[in-house]
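First up is the structure itself, then whatever we jot down about it.
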Amino acid sequence: MEVYIDGKFYPKEEAKVSVFDHGLLYGDGIFEGTRAYNGRIFEFDAHIDRLFNSAKAIALEIPMSKDEVKAAHIETLRRNKLTDAYIRTVVTRGVGDLGLDPRNCKKATLIIIADKVSLYPEELYEKGLKIITVPTRRNQPETVNPMIKSLNYLNNILAKIEANLHGVSEAIMLNQEGYVAECTGDNIFIIKDKTLATPLVSFGALKGITRGVIMKLAAELGLEVVETALTRYDIYTADECFLTGTAAEVIPVVEVDGRTIGSGAPGHYSKQLKEAYHKYASSNGTPIY
Ligand code: PXG
């Protein structure tokens, strides 16, 4: 495998950054996670736009144009001869000194890693996940805004640890007011009476790109689609529940905090949306070759 760092490619073992990089010292940087399906990069422009918006929000200048960054992604996939891949893009503040002032970092570092995708076991997609609500809250918008895919994922990692300690693999995170925000790396949806509902991003969710595609596909399937305030009560009493994200794709949820959701098996619309998502992903997107 070859990894892209600042315009050059390095074998995996030699792909390294300085211990003085502020991405490591302070978590000062941003990332993206993108996928390629069937030789096409899924929602490529949306991911590149979000990368640049995350950078803008933390006053980090990416020293390349969007087209140059896109070309670097395509080159990384071609070098590694990938058609189905997970692409991790990281932009750090760059090398500085032992002080948090970002002015000491002269140039941002851009890293692009592309690798084969390792899905969750297929069984989880067939049977559905059991998840819990955890005490760790999602970031408040006036701290690190949840719209930013920053290198500070510690509160999400704490939530993941709390889930793992309870023997489940995913956690619902609430916002400061106690409304449902999202999961640790996935957006959450419910279906009730032919309406698909998901928390408003202003309630502490990342504006997921998979989320956006699912909302579009759900409307095409005839569901009403709403972004709203959701409580745990709404989740417990839903007909169906599922999570979306670049890593997780579309994964049904069958139990939340010990309450069975719907029939206890992945719901009709969840299955339809999962299928529609995969069909859409394999035929749309930017060709790599
Ligand atoms: N919420 C959060 C907090 C996320 O980090 C999503 C929702 C889903 O967004 P997308 O645009 O992917 O539909 C994310 C995305 C990883 C990984 O390696 C994490 C994400 C994406 C890809 C990989 O854990 N987070």
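General remarks:
- Complete set of residues in the stretch 237-261 that are more than 16 Å from the ligand (Cβ to nearest atom), more than 15 Å from K271 (Cα to Cα) and outside any strand (DSSP E or B): T237, A238, D257, G258
- Only one of G39, G29 that is under 21 Å from the mean Cα position of the chain (by Cα), more than 21 Å from E75 (Cα to Cα) and surrounded by 16 or more Cβ atoms within 10 Å (Cβ to Cβ): G29
- Test for A159: is it buried (at least 18 other Cβ atoms within 10 Å of the Cβ), outside any strand (DSSP E or B) and among the aliphatic types (A, V, I, L, M): yes
- For beta carbons closer than 6 Å, sequence separation of 6+ or different chains, a first residue in the stretch 36-63 that is in contact (Cβ under 8 Å) with a residue 12 or more places away in the chain and within 13 Å of the ligand (Cβ to nearest atom) and a second that is hydrophobic (A, V, I, L, M, F, W, C) and open to solvent by 10 Å² or more (accessible area, probe 1.4 Å), the qualifying pairs are E43/I209; A46/I209; S54/I148.
- Condition met for V180 (within 9 Å of the ligand (Cβ to nearest atom), in contact with a helix residue (DSSP H, G or I) (Cβ under 7 Å, 6 or more places away or on another chain) and not small (G, A, S)): no
- Filter result for T286 (under 25 Å from E122 (Cβ atoms), open to solvent by less than 50 Å² (accessible area, probe 1.4 Å) and modelled with pLDDT of 95 or more): no
- Members of the stretch 130-147 found to be in a strand (DSSP E or B) and either surrounded by fewer than 18 Cβ atoms within 10 Å (Cβ to Cβ) or away from the ligand (no atom under 15 Å from the Cβ) (or both), listed by number: K130, I132, T133
- Candidate set from the stretch 204-214 (those that are hydrophobic (A, V, I, L, M, F, W, C) and either open to solvent by less than 10 Å² (accessible area, probe 1.4 Å) or closer than 19 Å to S169 by Cα (or both)); member that is nearest to the ligand (Cβ to nearest atom): A205
- Residue within the stretch 278-287 that is among the polar types (S, T, N, Q), without any contact (Cβ under 8 Å) to a residue 40 or more places away in the chain and in contact with a strand residue (DSSP E or B) (Cβ under 9 Å, 6 or more places away or on another chain) present: no
- Subset of the stretch 69-90 [crowded, with 17+ Cβ neighbours inside 10 Å and of a type in the set (S, T, N, Q)]: T76, N80, T89
- Inter-residue pairs, beta-carbon under 7 Å, first away from the ligand (no atom under 11 Å from the Cβ) and in the stretch 148-167, second open to solvent by 80 Å² or more (accessible area, probe 1.4 Å), 6+ apart: E162/P135
- Total residues in the stretch 179-203, condition crowded, with 24+ Cβ neighbours inside 10 Å, under 22 Å from S150 (Cα atoms) and in contact with a Ser or Thr (Cβ under 8 Å, 6 or more places away or on another chain): 5
The values are calculated or read from the model by the stated rules, or taken from the named source; none is laboratory data. Since we're looking at a predicted model, the values are computed, not measured. Cβ sites come from the backbone with ideal geometry, for glycine too, and all protein chains shown count toward neighbours. Please note that ligands, DNA and RNA were not included when accessible areas were found on the heavy atoms of the full protein model with its side chains. Shrake-Rupley method; radii C 1.70, N 1.55, O 1.52, S 1.80 Å.
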